[in-house]
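Enquirer: Once you've had a glance at the structure underneath, I'll fire off some questions.
Just so you know, all these numbers are worked out from the coordinates, no wet-lab data involved. Note that this is a predicted model, so its numbers are computed, not measured. Note that each Cβ is placed from the backbone with ideal geometry, even for glycine, and that neighbours are counted across all protein chains shown.
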C-alpha cells in the first residue's frame, strides 16, 4: 500500500510540475485567467503556440505532404444544422449524467465507481439523465429570425460534406484522403486533467476513402503503425502507448472497428489517438439528407458506389500533454537540480539560443546579434538571451527545451568560433561561425 501511494504521489507531483512549468515559461495559460478562469479552456502562450505549430507542421509533413493522394482543406466551425441531424449527433451525441442532491455537482454516470454516492461530498446522486454534449449557438440578424445551430463537435463532417467538391475539383482516384486540422467543441460535464479534457480542442485527422470491397484491414493496420511512428518522431514515449480495441457495445454508432492508442498519463491510461472504420455511414446519411449523390464511378466495372472510410484521428492537445510527460527531465537535487525538456530539435519552440558572454561589452553583443540575425533567417525561431549569467541562461533554455545554446566570448573575436552547448548532455564544443548553420541542420535532422 505504501509503495502504491508513493507512486500515486509521484504521478501527481509530475502533473503539478508540468502545469507549473507551462505557466512559468509561457507554454500554456488558464483561459480568461484574470477573470478567475473559464473551466475547460486554455490559452497557448508564446512558446506553446510555437510548439503547437511545429507539431501541426510535422503532422502535415508526415500524413499529407509525403502522400500523393491526401488533400488538405480548412473549413469553418459553423455548419448547417442539418449536418448534425444527418451525422447522428443530435440523436446520439449524449452522455449519462447524475447530479448530487446535496452539493449540486454533476458527474458522468459511467465514470462514477459508486453510482449512488457523490464523489465530492458523499451526498445522494440522482438517477442518470442523457446530456447532449453539443454547444448551441444562434445565427441571424434578429432573435426572431435566428436559426439554431452548433459549434461543431467533430471536424470529420466537414470532410464528408466537402467530399463531392474535392471529387469534382481534383478528380482524385479511389483510394484518397481529405485531411484537416481544426477546432471542435464539446460541452464537457467535468473538464479536467489540464489540457486533456477540454470544451474547445483541436484535432488533426483525415478521412481515407476506399472501395467497399478493398482489403480495409491492411489500410487500418498500416495507419495504426503510422500513428505510432509519428508520435515517436515528435518525442512521445512509445513505450507508454497501449492499443485498445473498443468492444462492439462501446463503439460509436457509425463504427465498424475502432482502435485507440492509449498513453500512460500521470492520471491514468487514457486515449491519445483514435482509428475508426466508419464504413459508408456518413456519406450515405449526407446523401439522404442533402439529396446530393456521394457516389464514385468504378472504372473497372462501370458501376457506381459510395466509398467506405478509414479515419485516423489525433488530438493535438492530448499529444502535447503526452509530449510534456515524455520530455520532462530532472537531474540532481535541491538547488543543484536541473530541469529540462528533452524535445526533438525539430519540435522544440526555439532551435537555438544566442548569447553574448557579457551584455555590457558592445563588441560581443554586436557579434552575437549578427549570428542571431543570420540564424533567424535560416531557422525562423531562435532565442536571444542576455539576461543573467551564463549558468542561469542555460537553465532557462533547458526548461523550455532549446536544444543548443550558442555563446559568443572574447575568443570569438579572434578565432571566429563560438561555444555550442548541448541541452541533453551539457557538453560544449567550439564551432566555426561559418559552419554553424550546417552544424545545427545536421543536429536537427
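Enquirer: Once you order the gyration tensor axes a ≥ b ≥ c over the Cα atoms, which shape class does region 350-444 get: rounded for a/c under 1.5, otherwise prolate or oblate by comparing a/b with b/c?
Expert: Here region 350-444 falls in the rounded category.
Enquirer: Here's a follow-up. Per the helix-only calculation at 222 nm, which mean residue ellipticity applies to the chain, given -39500 (n - 2.57) for every DSSP H run of n ≥ 4 and division by its residues, nearest 500 deg cm²/dmol?
Expert: -9500 deg cm²/dmol
Enquirer: I need 145, 402 ordered by Cβ neighbour count within 10 Å, fewest first.
Expert: Ascending number of Cβ neighbours within 10 Å: 145, 402.
Enquirer: Continuing with this model, one more query. Could I get the Rg over Rh figure for region 285-408? Both from C-alpha atoms, Rh via Kirkwood, rounded to two places.
Expert: Taking Rh as the inverse mean 1/r over Cα pairs, Rg/Rh reads 1.35.
Enquirer: Please compute, for the alpha-carbon atoms of the chain, the extent along each of the three principal axes and give them in descending order in Å.
Expert: Its Cα atoms span 76, 64, 51 Å along the three principal axes.
Enquirer: Output the 0 to 90 degree angle, nearest 10, between the alpha-carbon long axis of helix 216-233 and the longest principal axis computed from the alpha carbons of the chain.
Expert: 30
Enquirer: Please report, for the Cα atoms of region 86-225, the Rg to one decimal and the Dmax as a whole number; what are they, in angstrom?
Expert: In order Rg, Dmax, the Cα atoms of region 86-225 give 20.2, 61 Å.
Enquirer: Related question: From the square roots a ≥ b ≥ c of the eigenvalues of the alpha-carbon gyration tensor of region 241-311, which class results: rounded (a/c under 1.5), prolate (a/b over b/c), or oblate?
Expert: The shape class here is prolate.
Enquirer: Below 8 Å between Cα atoms, with a sequence gap of 6+, how large is the relative contact order for the chain in percent?
Expert: Once normalised by length, the contact order is 12 percent.
Enquirer: Where both residues lie in region 350-444, what percent of DSSP beta bridges are antiparallel, nearest 5?
Expert: Once the DSSP bridges in region 350-444 are tallied, antiparallel ones form about 60 percent.
Enquirer: Moving to a separate point now. Quickly work out the residue 148-to-residue 374 label distance, labels modelled 7 Å from Cα along the C-beta direction, and quote it in nm with one decimal.
Expert: About 6.4 nm separates the two model spin labels.
Enquirer: Another question, if that's okay. Can you sort 84, 384 from fewest to most other Cβ atoms within 10 Å of each residue's own Cβ?
Expert: 384, 84
Enquirer: Something else: For helix 281-290, what angle does its Cα long axis make with the longest principal axis of the chain, in degrees from 0 to 90 and rounded to 10?
Expert: With both axes taken from Cα atoms, the answer is about 60 degrees.
Enquirer: Cα convex hull of region 1-160: how many Å³ per residue?
Expert: 236
Enquirer: Does region 204-258 classify as rounded, prolate or oblate by the C-alpha gyration tensor (a ≥ b ≥ c root eigenvalues; a/c under 1.5 gives rounded; else a/b over b/c gives prolate, otherwise oblate)?
Expert: oblate
Enquirer: Now a separate question. Multiplying the sequence separation of residue 112 and residue 240 by 0.36 nm and subtracting their Cα-Cα distance, what value in nm do you get?
Expert: That works out to 43.5 nm of additional length.
Enquirer: Next up: What whole number of Å gives the distance from the Cα centroid of region 77-101 to the Cα centroid of region 183-249?
Expert: Cα centres, region 183-249 to region 77-101: 21 Å.
Enquirer: Students often check this: by mean Cβ neighbours within 10 Å, which of 353-366, 432-445 ranks highest, and how do the rest follow?
Expert: In descending order of packing, they fall as 353-366, 432-445.
Enquirer: With axes computed from alpha carbons, what is the tilt in degrees of helix 362-379 against the longest principal axis of the chain, rounded to the nearest 10 within 0 to 90?
Expert: Computed tilt is about 30 degrees.
Enquirer: Could you list 390, 269, 178 so that the one with the fewest beta carbons within 10 Å of its beta carbon is first and the one with the most is last?
Expert: With the fewest neighbours first, 390, 269, 178 line up as 269, 390, 178.
Enquirer: Once you place label points 7 Å from the Cα toward the Cβ at residue 127 and residue 69, how far apart are they in nm?
Expert: 5.2
Enquirer: Further question on the same structure: Working out 0.36 nm times the residue gap between residue 190 and residue 331, then minus their Cα-Cα distance, what length gain in nm do you get to one decimal?
Expert: 47.2 nm
Enquirer: Return the ratio Rg/(2.2 N^0.38 Å) for region 47-125, where Rg is computed over Cα atoms only.
Expert: 1.84
Enquirer: Per 0.36 nm of contour for each residue apart, how much would the distance between residue 49 and residue 229 grow if the chain were fully extended, relative to their Cα-Cα spacing?
Expert: Going from the current span to full extension adds 62.5 nm.
Enquirer: Still on this structure, I have one more. Return, ordered by residue number, the residues of region 360-392 whose backbone nitrogen is under 15 Å from a label point located 7 Å along Cα→Cβ of residue 410.
Expert: Flagged as within label range: 360-365.
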